[in-house]
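Here is the structure we will look at.
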Amino acid sequence: MKKKGGKKKGGGGGEADVPRDMTADDSGEYVPVLAMECRGVEPYAFHPLGNEFKVTSSGGAVFEEDVDLSEGDWGDYDEENDEAVGVNEFESKIISV
């Protein structure tokens, strides 16, 4: 999955890559895909509503439309590279920095 990257200063004084691209190697790990400056507002949940993510297959096919993770799973087929593409068991958590 991919969101536009950027740098954000963390609370510990160092710089963290927030957000960053998620790859197949990240399976089972939490990856920062969204950064927000809230200025006093405390978010408590993130609910993907659809078309917020772009998925790129290992063969390079890009899926930008209808990538809906609101149910936690998404799948499609990369015909050019003859492979299934999917995101399974998507979960989110909020971390303050």
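The values are calculated or read from the model by the stated rules, or taken from the named source; none is laboratory data. Fair warning: this is a prediction, and the values are worked out from it, not measured in the lab. Because the Cβ atoms are built from the backbone with ideal geometry, glycine has one as well, and the counts that use them run over all protein chains shown. In case anyone asks, the SASA skips ligands and DNA or RNA and just uses the protein heavy atoms, side chains included. Shrake-Rupley method; radii C 1.70, N 1.55, O 1.52, S 1.80 Å.
Structure notes:
- Filtered by the rule that a residue be within 17 Å of MET22 (Cβ to Cβ) and either part of a loop (DSSP other than H, G, I, E, B) or open to solvent by 70 Å² or more (accessible area, probe 1.4 Å) (or both), the stretch 74-93 gives ASP76, ASN88, GLU89, PHE90, GLU91, SER92, LYS93.
- Every residue from the stretch 36-57 that is in contact with a strand residue (DSSP E or B) (Cβ under 7 Å, 6 or more places away or on another chain) and open to solvent by less than 60 Å² (accessible area, probe 1.4 Å): VAL55, SER57
- Check on GLU71, open to solvent by 40 Å² or more (accessible area, probe 1.4 Å), more than 13 Å from SER92 (Cα to Cα) and acidic (Asp, Glu): no
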